[in-house]
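Written out below as structure tokens is the structure these notes cover.
The values are calculated or read from the model by the stated rules, or taken from the named source; none is laboratory data. As the structure is a computational prediction, the values presented were derived from the model and not from experiment. Here the Cβ positions follow ideal geometry from the backbone for every residue, glycine too, while neighbour counts run over all protein chains shown.
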């Protein structure tokens, strides 16, 4: 990386970090959590991007170079072959199940039955392997067949393929464009995970009335699993926030939210904050009845993406003094409006919610794919014109201390501990046993985490 690109990278990341921390910066950042606009502008279909890793990489680099005013962005995609190899039933894939030009679609159903909570909690790996995975993975329905074994083998291989490709893409953005990551790692709200991938919306809504204790216990169970893995996927230097997409709060009453959603969500996020990380959370839908809770987190530790259905001005009033917020540019304006309207809207937001910092422009959690190019250009130009705070240079990025600040995270589950396999084989271990044990249990735990993450 040239010194010029390194300085550009530092300015962008420092500006972003300062905005999240509610600290002084030179101008409003242009830091988009998700931009489907980049995919649409590339000229490729979603199928082409999501199947061809080189096209995906080139698409992001091209977008970054075309719009150097963008500090950072994230394309919210998944590599489709990872779903194909197991015939994953939770996803409808572009070009395979739906139009090549359509984004992936989630297939939410009651994949876990109402009477299976006890097994789900007491025997997490057994339940998933014996009951849940045969339902959601088509290639695993005939358990014990050659195809079922091959599906799991290919799933492991695919993680290596995609992991290497993702790192190459991130490195090119950094080295060629001076673009930092917007997030690193993920955490899922336990209630969302339970309702999205296991019980479905209809099932979880019934369960809150019919078996509330089971729902609460399941959320606690999922929380432990999330905490055991999330911190390991996050940036060890704590430069980038952990990402969360929330789904169900906009459908819940304050009473339901406070009982079923918030306790484990708060506990998980706060634990990771105590360990030194920050968060970027998409508050999907209208969080108006609940978002005052965001003020309960330490000041400047959570960046909240406000959706279209919510009022950005009310969000600023409710908790914007405590956390940075993004949003405020309606989706319909980006798609159907004109540059003059965009400029006026950005100017208004800069003079109100962004007046003293703590605001980043965005649509409803993302820049929609059908945004007019001239409107996106107007957004960037207006930020540069109206979003300036000072003539000082951008603050430089901070790097956190590696480790967990003394926070102890739950141990990841394991199927076959080292002592078991050692005893079964009567291994005497003439060499360094710790070298062998550490890799055996590390890989076993990774496999456990993959199964529990499906």
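In the stretch 392-421, how many residues are free of Cβ contacts under 8 Å to residues at least 12 places away in the same chain and more than 32 Å from the chain's Cα centre (by Cα)?
Final tally of qualifying residues: 2.
Condition check ((1) exposed (fewer than 13 other Cβ atoms within 10 Å of the Cβ); (2) at pLDDT below 95) across all residues:
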site	(1), (2)
361	no, no
364	no, yes
397	no, no
414	no, yes
428	yes, yes
443	yes, yes
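Every residue, every condition in (1) touching a helix residue (DSSP H, G or I) at 6+ places or on another chain (Cβ under 8 Å); (2) under 19 Å from residue 180 (Cα atoms), yes or no:
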site	(1), (2)
356	no, no
362	no, yes
369	yes, no
377	yes, no
387	yes, no
392	no, no
395	yes, yes
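Taking helices (runs of 4 or more DSSP H) that fall entirely within the stretch 362-454, which contain at least 3 residues that are closer than 27 Å to residue 238 by Cα?
Because the criterion is at least 3 residues that are closer than 27 Å to residue 238 by Cα, the helices (runs of 4 or more DSSP H) in the stretch 362-454 that meet it are 433-452.
Residues checked against (1) within 18 Å of the chain's Cα centre (by Cα); (2) buried (at least 19 other Cβ atoms within 10 Å of the Cβ); (3) over 25 Å from residue 289 (Cβ atoms):
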| position | (1), (2), (3) |
| --- | --- |
| 212 | no, no, no |
| 218 | no, yes, no |
| 228 | yes, no, yes |
| 234 | yes, yes, yes |
| 248 | yes, yes, no |
| 260 | no, yes, no |
| 269 | yes, yes, no |
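Looking only at residues in the stretch 62-80 that are out of contact with any strand residue (DSSP E or B) (no Cβ under 9 Å at 6 or more places or on another chain) and surrounded by fewer than 17 Cβ atoms within 10 Å (Cβ to Cβ), which one is nearest to residue 139 (Cα to Cα)?
So the residue we want is 62.
Residue 370 - would you say it is under 19 Å from residue 315 (Cβ atoms) and loosely packed, with under 14 Cβ neighbours inside 10 Å?
It is false that residue 370 is under 19 Å from residue 315 (Cβ atoms) and loosely packed, with under 14 Cβ neighbours inside 10 Å.
Criterion first (more than 17 Å from residue 173 (Cα to Cα), in contact (Cβ under 8 Å) with a residue 12 or more places away in the chain and buried (at least 17 other Cβ atoms within 10 Å of the Cβ)) does residue 27 satisfy it?
yes
Residue 252 is checked against (1) buried (at least 18 other Cβ atoms within 10 Å of the Cβ); (2) at pLDDT below 95; (3) within 21 Å of residue 106 (Cβ to Cβ) and fails just one. What number does that condition carry?
Among (1) buried (at least 18 other Cβ atoms within 10 Å of the Cβ); (2) at pLDDT below 95; (3) within 21 Å of residue 106 (Cβ to Cβ), residue 252 violates only (2).
State which residue is modelled with the highest pLDDT when the search covers only the stretch 41-52 and only residues that are under 22 Å from residue 335 (Cα atoms) and not in a loop (DSSP other than H, G, I, E, B).
46
Can residue 327 be described as more than 16 Å from residue 360 (Cβ to Cβ), surrounded by 16 or more Cβ atoms within 10 Å (Cβ to Cβ), assigned by TED's automatic domain parsing to the domain that holds residue 233 and touching a residue at least 12 places away in the same chain (Cβ under 8 Å)?
no
State whether one or more residues within the stretch 21-35 are at pLDDT below 95 and part of a helix (DSSP H, G or I).
no
Being in contact with a helix residue (DSSP H, G or I) (Cβ under 7 Å, 6 or more places away or on another chain) and within 24 Å of residue 322 (Cβ to Cβ): is that true of residue 277 here?
Considered against the rule, which asks whether it is in contact with a helix residue (DSSP H, G or I) (Cβ under 7 Å, 6 or more places away or on another chain) and within 24 Å of residue 322 (Cβ to Cβ), residue 277 comes out as no.
Can you go through 355, 388 and tell me which one is in contact with a strand residue (DSSP E or B) (Cβ under 6 Å, 6 or more places away or on another chain), surrounded by fewer than 21 Cβ atoms within 10 Å (Cβ to Cβ) and either without any contact (Cβ under 8 Å) to a residue 12 or more places away in the chain or farther than 30 Å from residue 259 by Cα (or both)?
Just one listed residue meets the conditions, 388.
Rundown of residues vs (1) surrounded by fewer than 22 Cβ atoms within 10 Å (Cβ to Cβ); (2) touching a residue at least 60 places away in the same chain (Cβ under 8 Å); (3) part of a helix (DSSP H, G or I); (4) within 21 Å of the chain's Cα centre (by Cα), yes/no style:
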residue: 8; (1), (2), (3), (4): yes, yes, yes, no
residue: 17; (1), (2), (3), (4): no, yes, yes, yes
residue: 39; (1), (2), (3), (4): no, yes, yes, yes
residue: 54; (1), (2), (3), (4): yes, no, yes, no
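Suppose we keep only residues that are in contact with a helix residue (DSSP H, G or I) (Cβ under 7 Å, 6 or more places away or on another chain) and without any contact (Cβ under 8 Å) to a residue 60 or more places away in the chain within the stretch 56-70. Which one would you say is nearest to residue 157 (Cα to Cα)?
Taking the candidates together, the pick is 59.
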